[in-house]
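To keep things clear, I will list the structure first and then write my remarks on it.
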Amino acid sequence: MKKNLIQKDYKKKIKSLIYYNQRYYNDNISEISDSDYDELKKDIINLEKKYKFLKSKDSPTITIGYKPSKNFKKVLHKVPMLSLGNAFSQEDLVNFEKRIINFLDKNDGFEIEYSAEPKIDGISASLIYKNGKFVTGLSRGDGKEGEDITENLKTIEDIPDHIKSKSFPEEIDIRGEVFIKNNDFKKLSNKFANPRNAASGSLRQKNPAETKKIPLKFIAYTFGHEKDLKISLQSEYLKKLKQWGFKTNPLNKIIIGVKNLMKNYDEIEKERESIDFDIDGIVYKVNDFKLQKRLGNVANAPRWAIAHKFSANNAVSKIENIEIQIGRTGALTPVAKIKPVNIGGVVVSNATLHNEEEIIRKDIRIGDFVVVERAGDVIPHVVSVDAKKRKSDSKKFIFPKKCPCGFDTIKEFNKVTKKLDAVRRCPDRGFDCDKMAKERLKHFVSKEALNIEGLGKKIVENFWHLNLIRLPQDIFKIDYNKVENLEGWGKQSVTNLKYSINSKKNISFEKFIFALGIRHIGLENAKILSKNLKSLKNFISLSKKNDLSDLLNIDGIGETQINSIKNFFLNDTNKKVLKELEEVLVVKDVSTKKNDGFLNNKTFMFTGKLSGMSRAEAKSLIEENSGSIVSNVSKKLNYLIIGEKPTKRKVINAKELKIEIIDQSQFLKMLNKIS
Ligand code: IVH
C-alpha cells in the first residue's frame, strides 16, 4: 500500500476512536461493542508498529480514554490512572509471563504469584483520603487528569467517609470500580442501555441528590499515591482494604502458573451469568510489589498486570440484505446477511431474524446497524436495532407473501394461543416445493436420520441442481459415472460415497420415520410411533385409512401429529417416495424389547458437548439399558449429564429442582457398573 493511503487509513481509524471515546466518556453511550473497540485500538497499534512514520497525539498508546467533560472541575492525578493490556488466549498469557520472566532475567521455571481479580465492568474512581477522611474523589478522565466528582461519590454507601483504623496511611488514593448490580439495574427505568452506562451516567449527574437515588456500589482494588503504606503484596493490600471498611471482590484469588490461571478463568466464565454484576474478564497482577516496581510500565499500561478478557458474545454490524430461507417444513425464515463481524473468535455473517412478526416488532430494515448475539452453538440472532443510525431514505422491509416455489404462503391458526402463527409458511407441499425438497433431502441423509457420510448439505444441493437426486430414493440409484466426472470428484471419493450409501440401506424403523421429515415428527415422536406401529407395512397402511384417530391412544401422540401425518399421506409424491423407499431399503421391524435394563424408569438429559462420544451414541447406550431421554428439565428428570460448555440455564434449573447432575465420566462409570 502507498504511504498516503496508509496514512489515510490510520487517520480514519484515529478519528473513529476519538468519536467513540467522546460518545462513551461524555455521553455515556457505547456505539460499538467492547470487542470492536478493542479491535480498533489493536488495528491502530499494529499500524503504528508496522509503519514508524504514523504518529498522532490521539493514539491509544498516548491517551487513555477521552478528555473529561466540562461540567466538573479538572484535577491532575498525582499518579496517572493507567489502563491494562488485554489477553484473549492461553498463548497471550504465556507471552505475558515470558515477557515478565525475561524482563526480570529469571529462569524459565520461575514461579510468579498472581492476584487474580475478576474485572468488574463499571467506572473507575480514585478516592483521596487524608488523615482518615475522604477529601477528594476523581473520575479517571484521560488517565492524567480526572473530574472532581467528590460530592457524587460521597452518596455511595460503600465509600467510607472516615477511617479510624491505625494501620490506615496518613494519605492514600484508593482506587476501584463504581458499578451497579444487575438486579438493581433491572429495577431502574429504561434510561440506560446497560449497567455500566447507568453507573457512568449517575456518577456524572450535576446534582448529587440524583446520584443518591441510584444504588451505586464500590469495590476497591488498587491505589495511586500513598504516604506510609507498609505492605509488600497485593493480596495483603486487598485484606487491609477489607479491614479499613472497603468492599473487595469476593472472587479474588491468589494463583500460580498460567495453567491455573486458565482453570480459574474457565470456572469464572461459567459462573459469569449467575454473578450479580457484570464482569468482562479477569485482571492478573504480579502479587509482589517489589517485582511490580521493577517491572514498571510500558506506554500507559503496567508490565506487571494484564486483563484476560472473556469472549464477547455480541457485536454491532450492518444488515446488507435480508434473505428468506425455506425450511424442511415450509417455514419462511428471514436471515440477515450482515457485514462479517468477529464475535468471540467466530466470524459471523448470517443472523436469524426468526420470523415475519419479529421483523415487524423490531422494525428491522436492510441497511440497519444491529446488535448481533452469538451464544454457544445457537444460531446468531439480531438482538436490537439502532434506529438512530438509520438513513432518512430507509424503507420498511416488506416480507414476501409468496414462496420462491411460486405458491402463496399462509399463516396457520394456532388453536392454543387462538392467534395466527408468527411464522409464515409455504403450505406443506412436500417435495413439490423445490426449496423444501432440498431441505428434506438434507434432513434425510443427516446425522440423526440415515447418517450418510460424505453426502453433506453442499453436495446434496449440488446433486439436486444437477438433477442427480430429486427424491430420497434417488440417492440409492445415483449415477456414479456422472459423479466421477464432476469437478472435485475422483475414483476414490466415488467409491467411498458408494460404500457409505450402500451401508445405510439397512435402517431401523424409527430412524426411517424420522428421516421422512414429517412436520411435528421429530426423533422422540418417531420413536413412539415406531414402538407402537412395529413395522413399515403398518405405517404405509395408515395411508389407506381415512380415520387415524386410533393413533390418539398412543401416549405422546396428539392431534397436531396426527393431522401432520394425514397431510403427509394426502400428497401423492410422498406416497411415491414411501413406496419406492420400501423397495430399496431394508427397514427393520421393531422387536418387542423388555424393560428389564438397569436404567429402567430412569430419565436422562444432555447439555454441552461430550468428548470422544457423540450424543447419538450416548443416547443409544441409555436406551439399550431401558433408560429414556427427555428434552427438558422438569421434576421427571433423574440425571442431567453435562459436557463441555453446558447451557447454564439448564444447569441452574436442574439445581433448583435438586436433580442429580453428572459429568461424562460419572455417566460412563454408571454404565460400566452394568457391563
Ligand atoms: S487495576 C494499573 N484492578 O480495568 C492497573 N483494574 O483497563 C489498572 N478494573 O481502569 C487498574 N477491575 O476500571 C484494576 N481488579 C482490578 C480491576 C480493574 C476492573 C478496570 C479499571 C481500569 C480498567 C483497566
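Show me, bin by bin at 5 Å from 0, the whole-percent P(r) of the range 468-581 based on Cα pairs. Each 5 Å bin holds this share of Cα pairs: 2, 10, 19, 21, 15, 10, 9, 7, 4, 2, 0.
The angle between the Cα long axis of helix 523-533 and the main principal axis of the chain comes to about 30°, on a 0 to 90 degree scale. Take the residue pairs LYS337/LYS458; LYS78/LYS259; LYS187/LYS636 and return only those whose Cα atoms are more than 25 Å apart. Violating the 25 Å limit, Cα to Cα: LYS78/LYS259; LYS187/LYS636. Computed from the C-alpha gyration tensor, the three semi-axes of the ellipsoid equivalent to the range 492-532 are 28, 11, 5 Å, from longest to shortest. For the range 146-200, the Kirkwood radius over C-alpha pairs fed into Stokes-Einstein at 10 °C and 1.306 mPa s yields D = 116 µm² per second. Calculated from the alpha-carbon coordinates, the range 518-597 shows an Rg and a Dmax of 13.1, 42 Å respectively.
Pairs with C-alpha atoms separated by more than 24 Å, drawn from the list LYS217/LYS253; LYS447/LYS669; LYS339/LYS388; LYS435/LYS457; LYS130/LYS239, are LYS447/LYS669. By other beta-carbon atoms within 10 Å, ranking TYR20, TYR284, TYR51 with the fewest at the front produces TYR51, TYR20, TYR284. Counting neighbouring Cβ atoms within 10 Å and putting the fewest first, the residues LEU578, LEU671 line up as LEU671, LEU578. Summary of the geometry: the range 208-249 and the range 94-135, compared by the centres of their Cα atoms, lie 15 Å apart. For LYS419, the aspartates and glutamates whose Cα comes closer than 16 Å to its Cα, not counting residues fewer than 8 places off in the same chain, are GLU356, GLU357, GLU358.
Put a dot 7 Å past the Cα of ASN183, heading toward its Cβ, do the same for THR417, and the two dots end up 3.2 nm apart. Its residue count N sets the reference 2.2 N^0.38 Å, and the alpha-carbon radius of gyration of the chain equals 1.19 times that reference.
Kirkwood radius for the range 16-170, taken over all pairs of different Cα atoms as the inverse mean of 1/r, rounds to 18.6 Å. Straight-line cross-link reach from LYS619 at under 15 Å between alpha-carbon atoms covers these aspartates and glutamates, not counting any fewer than eight positions away in the same chain: GLU448, GLU510, GLU524, ASP663. Total lysine pairs in the range 264-330 at Cα distances under 27 Å, for residues eight or more apart or on different chains: 7. The order of CYS426, CYS433, going from fewest to most other C-beta atoms within 10 Å of their C-beta, is CYS433, CYS426. By the Cα gyration tensor, the range 515-664 has an equivalent ellipsoid whose semi-axes, rounded to whole angstrom, run 33, 17, 16 from largest to smallest. Rg and Dmax of the range 344-442, based on Cα coordinates, read 16.3, 44 Å. Dividing the mean sequence gap of close Cα pairs (under 8 Å, 6+ apart) by how many residues the chain holds gives a relative contact order of 9 percent. Residues whose amide H falls under 5 Å from that of ASN297, counting only those 5 or more places apart or on a different chain, are ARG303, with hydrogens built in the peptide plane.
Here the Kirkwood formula puts the hydrodynamic radius of the range 412-452 at 12.2 Å, using every distinct Cα pair.
Here LYS52 is the anchor, and the lysines within straight C-alpha reach of less than 21 Å, apart from those fewer than 8 places off in the same chain, are LYS2, LYS3, LYS8, LYS11, LYS12, LYS13, LYS15, LYS41, LYS42. For the range 599-675, the set of trypsin sites (Lys or Arg not before Pro) satisfying both a DSSP loop assignment and a count of at most 12 other C-beta atoms within 10 Å is given as LYS635, LYS636, LYS658.
No value in this document is a laboratory result; all are computed from the given coordinates. Keep in mind the model is a prediction, meaning the values are calculated, not measured. When we count neighbours, we look across all protein chains shown, and the Cβ atoms used for this are built from the backbone with ideal geometry, even at glycine.
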